[in-house]
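Visitor: The structure follows.
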Number of protein chains: 2
Amino acid sequence: MLYPNNIKKHKKENINYANRGMDLENLLNEANNYYLLNDIAVIYKKPTPIKINKVKYGNFPKVIDGSFNQKSTLDYVGIYKGKYLDFDAKSTKNKTSFPLSNIHNHQIIHMERIIKHGGITFLIIDINQEIFLVKGEDIIKYYNSSKIKSIPYKLIKEIGYQIRIGYNPIINYIEAINEAYFKGEI
Amino acid sequence: MLYPNNIKKHKKENINYANRGMDLENLLNEANNYYLLNDIAVIYKKPTPIKINKVKYGNFPKVIDGSFNQKSTLDYVGIYKGKYLDFDAKSTKNKTSFPLSNIHNHQIIHMERIIKHGGITFLIIDINQEIFLVKGEDIIKYYNSSKIKSIPYKLIKEIGYQIRIGYNPIINYIEAINEAYFKGEI
């Protein structure tokens, strides 16, 4: 079976998408492609910022010297229901907590700016074979707390919005966005 | 004098920024940096999509084989007053009209999607030493008209919102956004 069943109550074997060779980035790309083709949202991964130092021209020009010296902010950007979305995906192998060292300070500053200007920002966290949307507001709060170095898995289950594993798209994470930000509107 | 005066009625010598070695992209980057630092908006140029084929690792990893084989949509994205912005900058040396061949079909499709989902999309057109914001809705209309191959400069002056050349930022194009999309709100 290529894809797990679209069931609400997950069993571990059904959410172990990693065994099928799909990482979180591929799953998000698949979902974004589905949203685009079905006119649900326009969301895409920002290209990796590469400073182009030297190009070899020809029928197919190519970069032969490019450096990774620019800071990226969050990986995904888009529009959904008229709202600006800006988010990132983070995976941890740690099963009991999400280490905040996974987040860079400039990413927190970016999240603060997005919230200030009325956008939606969050992290998609892949932990313990489950996937959660955690609001930027919560991430910022814990990041700025000097007492917390990681967010316990149990707390993520409490404050986060679990993303169900289904079929086409495998992770239909817009359901979690609806629950987190558009509750009562739909 | 490094910068022209911030005057409403421009004389040609005052808007000839090209002589100062600033192209439209640099001017937009300068403006975006100003908006970021002054908490006005978060707008940035999307990185050029480069497919990374080979990286040379070391203290400073670099791309030694990268190809430009992905379609880009529009160059700039951001958030302003809670709204999603997605736009491009186009320069033409043609003084009497803006050839629609400057726009790719997939860019029109992208603009249509942004409008459909409630975002703001436009082109910033640099023509005849003047700069205008032209709404995506108008661009799409003329692009899809089989009769029109270019938008006359006179029509751009009529349907577009002129961007004044000033000081810090040199092109304060958010004024034109306000006029085009937020009139009466400010």
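The values are calculated or read from the model by the stated rules, or taken from the named source; none is laboratory data. Owing to the predicted nature of the structure, the values given are computational and were not obtained by experimental measurement. Here Cβ is always computed from backbone atoms with ideal geometry, including for glycine, and neighbour counts include all displayed protein chains. Quick note on the areas: whole protein, heavy atoms, side chains included, nothing else; ligands and nucleic acids left out. Shrake-Rupley method; radii C 1.70, N 1.55, O 1.52, S 1.80 Å.
Visitor: Ordering B:Lys95, A:Lys83 from largest to smallest accessible area (1.4 angstrom probe), what's the sequence? Before the final figure, lay out each step's value.
Guide: Details: B:Lys95 130, A:Lys83 75 Å².
Correct descending sequence by accessible area is B:Lys95, A:Lys83.
Visitor: Something else: Apply the Karplus parameterisation 6.51 cos²θ - 1.76 cosθ + 1.60, with θ equal to phi minus 60°, to every residue of segment A:88-100 and state each ³J(HN,Hα) to the nearest whole Hz, in sequence, with x for glycine and proline.
Guide: 9, 10, 10, 10, 10, 8, 5, 8, 9, 7, 9, x, 6
Visitor: Another question, then. Report D for segment A:124-186 in µm² per second (integer): Stokes-Einstein, Kirkwood Rh on Cα pairs, 37 °C, 0.692 mPa s. Before the final figure, lay out the partial values.
Guide: Values: Rh = 12.6 Å.
Calculated translational D: 260 µm²/s.
Visitor: Next question. Using θ = phi - 60° and the Karplus curve 6.51 cos²θ - 1.76 cosθ + 1.60, what whole-Hz ³J(HN,Hα) does each residue of segment B:38-49 get, with Gly and Pro shown as x?
Guide: Once rounded to whole Hz, the list reads 9, 6, 8, 6, 10, 9, 9, 7, 5, x, 5, x.
Visitor: Write down the Kirkwood hydrodynamic radius of segment B:36-143, to one decimal in angstroms, obtained as one divided by the mean of 1/r over all alpha carbon pairs.
Guide: On the way: mean 1/r = 0.0626 Å⁻¹.
Result for segment B:36-143 stands at 16.0 Å.
Visitor: Take the solvent-accessible surface of the protein heavy atoms, probe 1.4 Å, and return the percent of it on chain A that carbon and sulfur atoms account for.
Guide: Numbers: 4730 of 9700 Å².
C and S atoms contribute 49 percent here.
Visitor: Using a 1.4 angstrom probe, figure out how much accessible area the protein assembly as shown has per residue, in square angstrom, rounded to the nearest whole.
Guide: Values: 19370 Å² over 372 residues.
Per residue, the protein assembly as shown has an accessible area of 52 Å².
Visitor: To continue, here is another question. Amide H to amide H, which residues 5 or more places from B:Tyr84 or on other chains are under 5 Å from it, using H placed in the peptide plane?
Guide: A:Tyr84, B:Ile120
Visitor: At 7 Å along Cα-to-Cβ for each site, give me the label-to-label distance between B:Lys149 and A:Ile52 in nm.
Guide: 2.9 nm
Visitor: Then there's this: Which of the residues in segment B:104-137 lose at least 10 Å² of accessible area when you go from the chain alone to all protein chains together (probe 1.4 Å)?
Guide: SASA drop of 10 Å² or more in segment B:104-137: B:His110, B:Arg113, B:Ile114, B:Lys116, B:His117, B:Gly118.
Visitor: With every protein chain kept in the model, how would you rank A:Asp23, A:Asp86 by accessible area, 1.4 Å probe, largest at the top? Mind dumping the intermediate values first?
Guide: Working: A:Asp23 80, A:Asp86 0 Å².
Descending order: A:Asp23, A:Asp86.
Visitor: For the interface of chains B and A, what total accessible area is buried with a 1.4 Å probe, rounded to the nearest 100 Å²? Spell out each step's value before the answer.
Guide: Numbers: alone 11150 and 11180 Å², together 19370 Å².
For chain B against chain A, roughly 3000 Å² becomes buried.
Visitor: Would you list A:Tyr44, A:Tyr35 from the most to the least accessible area, probe 1.4 Å? Write out the running numbers ahead of the final one.
Guide: On the way: A:Tyr44 45, A:Tyr35 0 Å².
These residues rank, largest area first, as A:Tyr44, A:Tyr35.
Visitor: A further question on this structure: Whose amide H sits under 5 Å from the amide H of A:Ile151, counting only residues 5 or more places off or on another chain, with H placed in the peptide plane?
Guide: A:Phe98, A:Leu100
Visitor: Quick one: what are the phi-derived ³J(HN,Hα) couplings along segment A:108-120, Karplus 6.51/-1.76/1.60 with θ = phi - 60°, whole Hz, x for glycine and proline?
Guide: 5, 4, 4, 4, 4, 5, 4, 4, 4, 8, x, x, 10
Visitor: Any idea what the relative contact order of segment A:32-186 is, in percent, if you count C-alpha pairs under 8 Å spaced at least 6 apart?
Guide: Details: 247 pairs, mean separation 25.4, N = 155.
Reported relative contact order: 16 percent.
Visitor: Under a 5 Å amide H to amide H cut-off, with H placed in plane at 1.01 Å, what residues pair with B:Asp65 once short-range neighbours are removed?
Guide: Those lying under 5 Å, H to H, from B:Asp65 are B:Asn53, B:Lys54.
Visitor: How much solvent-accessible surface does B:Lys56 expose, in Å² to the nearest 10, with a 1.4 Å probe and all protein chains in place?
Guide: About 120 Å², ignoring ligands and nucleic acids.
Visitor: Based on alpha-carbon atoms only, what is the radius of gyration of segment A:19-83 relative to the globular estimate 2.2 N^0.38 Å?
Guide: Numbers: Rg = 16.0 Å, N = 65, 2.2 N^0.38 = 10.7 Å.
Taking N as the residue count of segment A:19-83, the ratio is 1.49.
Visitor: Next question, about the same structure. Which value in nm describes the separation of the simple spin-label points at B:Ile64 and A:His106, placed 7 Å from the Cα toward the beta carbon?
Guide: Distance between the two pseudo-spin positions: 2.6 nm.
Visitor: Gap in Å between the Cα centre of segment B:45-87 and the Cα centre of segment A:80-126?
Guide: With segment A:80-126 and segment B:45-87 each reduced to a Cα centre, they are spaced 19 Å.
Visitor: Going by a 1.4 Å probe on protein heavy atoms, which residues of segment A:30-71 end up with at least 50 Å² less accessible surface in the whole assembly than in their chain alone?
Guide: A:Asp39, A:Val42, A:Tyr44, A:Pro47, A:Ile50, A:Val63, A:Phe68
Visitor: Still on this structure, I have one more. Which value at 222 nm does chain A reach when only helices count, each DSSP H run of 4 or more adding -39,500 (n - 2.57), with the total divided by all residues and rounded to the nearest 500 deg cm²/dmol? All intermediate terms of the calculation are to be shown ahead of the outcome.
Guide: Values: 6 runs with 54 residues, N = 186.
That comes out to -8000 deg cm²/dmol.
Visitor: Would you tell me the accessible area of A:Asp39, worked out with a 1.4 angstrom probe on the heavy atoms of the protein chains, in Å² to the nearest 10?
Guide: For A:Asp39, the solvent-accessible surface is approximately 70 Å².
Visitor: Report D for chain A in µm² per second (integer): Stokes-Einstein, Kirkwood Rh on Cα pairs, 10 °C, 1.306 mPa s.
Guide: The Stokes-Einstein estimate is 89 µm²/s.
Visitor: Stick to Cα atoms and the Kirkwood definition of Rh, then tell me Rg/Rh for the protein assembly as shown. Please list the in-between numbers first.
Guide: Values: Rg = 22.6 Å, Rh = 22.8 Å.
Result: Rg/Rh = 0.99.
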